[in-house]
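Okay, so here's the structure we're looking at.
The values are calculated or read from the model by the stated rules, or taken from the named source; none is laboratory data. Quick caveat: nothing in here was measured; it's all calculated off a predicted structure. With ideal geometry, Cβ positions are generated from the backbone for all residues, glycine too; neighbour counts draw on all protein chains shown. To get the accessible areas, we keep the full protein, side chains included, count just its heavy atoms, and leave off ligands, DNA and RNA. Shrake-Rupley method; radii C 1.70, N 1.55, O 1.52, S 1.80 Å.
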Amino acid sequence: MKKFVAIFFLLFSVGAWCQIPQFRGPNRDGNYPDKGLLKQWPENGPQLLLEINGIGGGWSSAVVYNNNIYITGMTDSTDCLSCIDFTGTIRWKTPYASSWNQSFPDTRSTPTLLNGKAYVSSGRGVVACIDADTGKMIWSINVFGQNEGITGNWGVAESILIVGGKAIFTTGGNKTTMVALDAETGKEVWKTKSLNDNLAYVSPILIERNGRKQIIGLGAKFLFGVNPDNGNIDWSYDYCHIDDAEWGEDGAVINCTSPIYHDGFLYVTSGYNHTGAKFKLKEDLSGVEFLWKDELLDNHHGGVVLIDGYIYGSNWVNNGKGDWCCISFDTGEKKYEETFKNKGSIVAADGMLYIYTEQPGFVGLVKPNPEKFELVSSFQITKGTGPCWAHPSIYDGKLFIRHGDVLMVYDIKNNP
């Protein structure tokens with residue numbers, strides 16, 4: 001009986017972790033588990049189910065939890081979390097902190113939902129826990145301010161990672177690098193040593209290797225791994241100056257893309273002509289070995305996805321232009337670089353890629369093919385204002401596309 005209970009608890013725990021609604025899907029890698037989706041769209045795009053206005057300005061993604069939609073947005077210089085039902089009604093809208101008040105102030109943080117609670121961070125580094133049913137504030141901590149965090153010109157863009165009952169947040173700065181808060185109370189559980197590195201615009205990921213878990217983070221300079229139990233930084237690697245002979249001391253430090261993990265390997269990419277790179281993790285997670293670098297897929301901030309041994313995403317030509325690329329995950333070899341409208345964000349589900357160009361706001365359905373950019377269908381978003389920087393998300397056969405203050409929900413389920 002004890003063995004049965006232990007196995008049940010293990011399966012429940014793993015299943016619950018895998019299904020956490022959060023930034024870029026259950027595992028933060030841009031892959032969504034939905035099946036039975038359309039392989040081609042009508043000429044004007046899939047059926048629009050909902051158009052929701054009034055969520056506030058922002059570039060965060062929508063998540064779905066307990067048959068409600070959750071999304072953040074800036075209203076009157078305040079970051080707010082909205083809960084929306086599937087009639088399109090905003091059930092509640094809770095302000096949780098002041099927005100970033102400098103360059104591009106709109107909200108960035110995608111909410112993370114678990115155990116009836118929503119976890120968010122503001123553009124100025126306040127971490128908040130909000131009741132997912134009522135919208136009542138449970139706790140709010142200025143983690144960035146308390147730890148004298150240091151960020152760049154665009155504030156905090158992190159989505160909270162939940163690991164083992166702890167809310168994980170990166171601060172950067174000279175006092176610490178990463179902090180863990182008790183998810184129930186907000187009380188500090190641990191903080192890491194400082195890597196003397198600025199905060200980047202990257203959300204950390206959780207990996208598991210040989211029965212051990214590790215948080216992988218990326219600052220302005222350092223790629224690093226943290227023990228989630230005690231906050232020990234197990235290793236760090238100077239990704240900014242990965243090749244001093246070529247990139248020099250002025251290498252880019254504007255990192256916006258979360259690392260990709262697969263089978264003991266990490267892939268990291270950054271925009272602005274900075275090199276991407278693949279690393280092999282040591283079996284005991286005590287360090288990494290540099291394997292190769294890639295100068296093609298310098299992803300700006302739209303993310304990349306790994307499908308069947310190939311990495312897909314868009315690169316940076318300049319701040320307003322980029323192409324769509326594919327490289328080999330094994331070797332970094334270029335497979336293609338092709339132009340479609342502009343650079344943008346990318347996610348995947350049911351054997352297809354979903355792209356969203358930042359300007360002029362085209363949504364595309366692409367077949368993963370390392371030999372060519374194989375666009376199947378596309379349509380243009382006409383509602384909303386500003387850059388189309390929010391990453392798409394997919395839940396229960398529905399595609400969620402955000403443009404500024406407007407959230408659109410499309411039916412992409414294949415209903416024969």
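Does any residue of the range 5-23 turn out to be among the small types (Gly, Ala, Ser), modelled with pLDDT of 95 or more, surrounded by fewer than 13 Cβ atoms within 10 Å (Cβ to Cβ) and over 24 Å from Gln380 (Cβ atoms)?
no
Quick check on Ile150: is it among the hydrophobic types (A, V, I, L, M, F, W, C), open to solvent by 30 Å² or more (accessible area, probe 1.4 Å) and over 30 Å from Asp85 (Cβ atoms)?
In short, yes.
Within the range 161-168, can one find any residue that is touching a strand residue (DSSP E or B) at 6+ places or on another chain (Cβ under 9 Å), closer than 18 Å to Arg124 by Cβ and open to solvent by 20 Å² or more (accessible area, probe 1.4 Å)?
Within the range 161-168, none of the residues are touching a strand residue (DSSP E or B) at 6+ places or on another chain (Cβ under 9 Å), closer than 18 Å to Arg124 by Cβ and open to solvent by 20 Å² or more (accessible area, probe 1.4 Å).
Is there any pair linking a residue in the range 186-211 that is closer than 21 Å to Lys117 by Cβ to one that is acidic (Asp, Glu) and surrounded by 15 or more Cβ atoms within 10 Å (Cβ to Cβ), with Cβ under 7 Å and at least six apart or on different chains, and which?
Note: pairs meeting the criteria are Ser203/Glu158.
Checking Thr171 against (1) open to solvent by less than 10 Å² (accessible area, probe 1.4 Å); (2) under 23 Å from Pro21 (Cβ atoms): exactly one of these is not met. Which one?
Looking at each condition in turn, Thr171 falls short on (2).
Please specify each residue of the range 253-309 satisfying the condition of being free of Cβ contacts under 8 Å to residues at least 60 places away in the same chain, aromatic (Phe, Trp, Tyr) and not in a loop (DSSP other than H, G, I, E, B).
Phe279, Phe290, Trp292
Residues of the range 75-106 being in contact (Cβ under 8 Å) with a residue 40 or more places away in the chain, more than 18 Å from Ile141 (Cβ to Cβ) and buried (at least 24 other Cβ atoms within 10 Å of the Cβ), which ones?
Cys83
Quick check on my filter: what residues within the range 206-242 are in a strand (DSSP E or B), open to solvent by less than 40 Å² (accessible area, probe 1.4 Å) and small (Gly, Ala, Ser)?
Passing the criteria: Gly217, Gly225.
Count, please, the residues in the range 184-205 that happen to be of a type outside the set (S, T, N, Q), open to solvent by 10 Å² or more (accessible area, probe 1.4 Å), part of a loop (DSSP other than H, G, I, E, B) and within 11 Å of Ala167 (Cβ to Cβ).
Summing the residues that are of a type outside the set (S, T, N, Q), open to solvent by 10 Å² or more (accessible area, probe 1.4 Å), part of a loop (DSSP other than H, G, I, E, B) and within 11 Å of Ala167 (Cβ to Cβ) in the range 184-205 gives 2.
What pairs can you find where one residue is in the range 313-332 and more than 13 Å from Asn299 (Cα to Cα), the other is part of a loop (DSSP other than H, G, I, E, B) and among the aliphatic types (A, V, I, L, M), and their Cβ atoms are less than 9 Å apart, with a gap of 6+ or different chains?
Filtered contacts from the range 313-332: Gly332/Leu296; Gly332/Leu297.
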